[in-house]
Amino acid sequence: MNREDYNNAVSDFSDAVYRFLLKKTKDEDTARDLVQETYEKLWINKNKVNPEKVKSYIFTTAYHSFIDFVRRNKRFTDIDEQKMDKHSHNEQYSDLHEILNMAIDKLPDVQKSVILLRDYEGYSYLEIAEITGLTESQVKVYIYRGRKFLQQFIGKMEMVI
């Protein structure tokens, strides 16, 4: 990877990486710091990265930087500790986007990551598995559980409309 490839990677993917990290951290400064850390790691390893696979490398690095951030701040939640049946929404409200964001915020970190990578960024199951270090079947299970939780949280469409 040369300087031009690196600059293209920054211009092509920095916004998407920032959105992904902002959804995960809910803090603009932290998301910016993690994006900067991601691109710093890309620059350090630029000779080892294949320019054709730079998008996968960037999102993998961003995901792992987020995990490191969470571990440093000791806010990591295990999926088995999460009681998802306690979360629900049954108020009359018409802003589906806001309700969906509230529901996504309640997901465990692993489910949130795979849902965001699949539904917001459009990655395949295999690509998500490579990024997160999970198996493809684990990714499918986490996406299923996350979507099931979102469906239960949002409830009936009459409550939203």
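Just so it is clear, none of the values below were taken in a lab; they were calculated from the coordinates. Being a predicted model, the structure only gives us computed values, none of them experimental. A quick note on method: Cβ atoms are made from the backbone with ideal geometry, for glycine too, and the neighbour counts reach across all protein chains shown.
The 3J(HN,Hα) values that the Karplus relation (6.51, -1.76, 1.60; θ = phi - 60°) gives for the stretch 42-51 are, in residue order, 4, 5, 4, 9, 4, 6, 9, 9, 6, x Hz. Gly and Pro appear as x. Given the pairs LYS24/LYS55; LYS46/LYS112; LYS55/LYS148, which span a C-alpha to C-alpha distance of over 24 angstrom in this model? Violating the 24 Å Cα-Cα cut-off are LYS46/LYS112; LYS55/LYS148.
With θ taken as phi - 60° and the Karplus curve 6.51 cos²θ - 1.76 cosθ + 1.60 applied, the whole-hertz 3J(HN,Hα) list for the stretch 96-110 is 4, 4, 5, 5, 4, 5, 4, 5, 4, 5, 7, 5, x, 4, 5 Hz, x standing for glycine and proline.
Which order do THR61, THR30 fall in if you start with the one that has the fewest other Cβ atoms within 10 Å?
On the way: THR61 21, THR30 16.
Fewest-to-most ranking of THR61, THR30: THR30, THR61.
Listing PHE153, PHE59 from fewest to most neighbouring C-beta atoms within 10 Å gives PHE153, PHE59.
If you plug the beta carbon distance of GLN152 and GLU40 into 1/(1 + (r/R0)^6) with R0 = 30 Å, you get a FRET efficiency near 0.15.
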